[in-house]
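Data block below; observations after.
Just so it is clear, none of the values below were taken in a lab; they were calculated from the coordinates. Because the structure is predicted, anything quoted here is derived from the model rather than measured. Note: ideal-geometry Cβ built from the backbone for every residue, glycine included; neighbour counts use all protein chains shown.
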Amino acid sequence: MALFSRIKKEEQGADQTTTTYTKKVHSPRAARSVVEKSERRPATLVLLPHLTEKTSAGAARRHYTFRVDEGVNKPQVKRAVEGEFGVTVTQVRMANMPDKMLRRGKQTGWRAGLKKATVTLAEGQAIEIP
């Protein structure tokens with residue numbers, strides 16, 4: 001295949017050959033994006049708590065809502081919350097909130113959308129959110 005190249009290395013002292021496969025990266029931009037995604041720290045994925053009247057009431061049921069980065073998935077959110085707050089997460093729910101058009105007289109504009117994650121904790125655990 002054009003995407004993979006074979007590299008054969010001979011081990012010293014033996015006639016065995018091992019084959020390893022490496023992925024060819026054709027552009028420096030593609031190589032940079034792969035490195036950036038793998039080096040992202042979990043703490044930067046969960047941005048801040050999403051505090052509303054509805055989410056504050058959910059804290060009594062061990063549901064906590066956070067605004068998260070757009071490219072985050074459920075396992076990353078789970079690892080980030082468990083690592084940041086030292087709790088056990090049992091369930092993660094995600095929601096993409098769309099952009100919203102705002103009007104003030106003739107002027108129109110857009111409020112940016114967001115992605116939020118609702119995390120359910122194990123029985124008897126809680127997070128202190130100011």
So how far apart, in nm, are the two label points at GLU128 and LEU114 if each is 7 Å from Cα heading toward Cβ?
2.3 nm
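Which loop trypsin sites (Lys or Arg not before Pro) in segment 86-127, with loop taken from DSSP, have no more than 12 other Cβ atoms within 10 angstrom of their Cβ?
Values: sites: ARG93, LYS100, ARG103, ARG104, LYS106, ARG111, LYS115, LYS116; in loops: LYS106.
Here the sparse-neighbourhood loop sites are LYS106.
Based on alpha-carbon atoms only, what is the radius of gyration of segment 42-121 relative to the globular estimate 2.2 N^0.38 Å? Display every interim value, and only then the final one.
Numbers: Rg = 14.6 Å, N = 80, 2.2 N^0.38 = 11.6 Å.
Segment 42-121 yields a ratio of 1.25.
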Segment 42-121: relative contact order from alpha carbon pairs under 8 Å, six or more residues apart, as a whole percent, is 34 percent
